[in-house]
1. Between Ser99 and Lys165, 0.36 nm times their residue separation minus their Cα-Cα distance comes to what?
2. Give the span of the range 72-120's Cα atoms along each principal axis, as three whole-Å numbers ordered largest to smallest.
3. Taking every pair of distinct Cα atoms and averaging 1/r, then inverting, what Kirkwood hydrodynamic radius in Å comes out for the chain?
4. What is the magnitude of the charge dipole of the range 10-149 about its Cα centre, with +1 placed on the Cβ of each Lys and Arg, -1 on the Cβ of each Asp and Glu, and no other charges, expressed in debye to the nearest 20?
5. With the chain treated as a Gaussian network of Cα nodes joined by springs under 10 Å, which of Lys76, Lys123, Lys165 yields the largest mean-square fluctuation?
6. Consider a paramagnetic label point 7 Å from the Cα of Glu51 along Cα→Cβ; state which residues of the range 95-134 have an amide N under 20 Å from it.
7. When only DSSP loop residues count, what GluC sites (Glu not before Pro) in the range 126-213 have their Cβ near at most 14 other Cβ atoms within 10 Å?
8. Give the percent of DSSP beta bridges with both residues in the range 33-139 that are antiparallel, rounded to the nearest 5.
Amino acid sequence: MTYSFQVTERFIKTFGGIVTLMGKTVLIETSARHVHVSREALDILYGAGYELTPKKPLSQPGQFACEERLQVIGPKGSFPAVSILGPIRPSTQVELSASDARSVGITAPIRESGDIKGSGACKLVGPNGTYDLTVGVIIAKRHIHMTPADAQRLGLNDKQIVQVKSDYAERALIFGDVVVRVNENFSLAMHIDTDESNAANLAPGYFGEIIAD
């Protein structure tokens, strides 16, 4: 699940100090473990024709957290109540952190969302049934969503690999291998998982600096 926060002033006060919205800066959001479901999977897990129940909107337009949750089972353990994110997608996908995957015994590659060929497997359990996911478990590659206008302003291109510098609460670091994803339907934000967020000791609402060659 991705947590987003409204930016209403040119300067944003965070728990550790002041960050500026000038230059190549981007809001860093933390995505916890979650599931995207296909129509086929949802019909099995919740019943034929079932529709997801929006709980709250996410930062990316049209995306939302759902009331529904699933049990995600791996060879060595399970997570009993993992959030579903809507809307329905063509393919079912489970996104875990590396720590999550290891803890339940799932071998999950680092991939961009949607790139699930040869990825990890798990079992999903809902109130109406069980769905065996043979491929679809990934560790999401850290990325930045942006519109074409954002990309032009920042001098970046779709699929470009950049770095993002975080200098917060005595855990300064630079995130490498950050892929830029450009689409008219996106909203400017960087997404990282809980392992990465904890490594940087990030608090909600923090902005990082984009470093490009």
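Coordinate-derived values only; no laboratory data. None of these values were measured; they are calculated from a predicted model. Cβ coordinates were reconstructed from backbone atoms using ideal geometry, including for glycine residues, and neighbour counts include every protein chain displayed.
1. So the chain would gain 21.5 nm between Ser99 and Lys165.
2. Extents along the principal axes: 28, 23, 14 Å.
3. 18.0 Å
4. Charge dipole of the range 10-149: 560 debye, to the nearest 20.
5. Taking springs between Cα atoms under 10 Å, the residue moving most is Lys76.
6. Under cut-off, by backbone N: 127-128.
7. Of the GluC sites (Glu not before Pro), the ones in loops of the range 126-213 whose Cβ has at most 14 other Cβ atoms within 10 Å are Glu170, Glu184.
8. 80 percent
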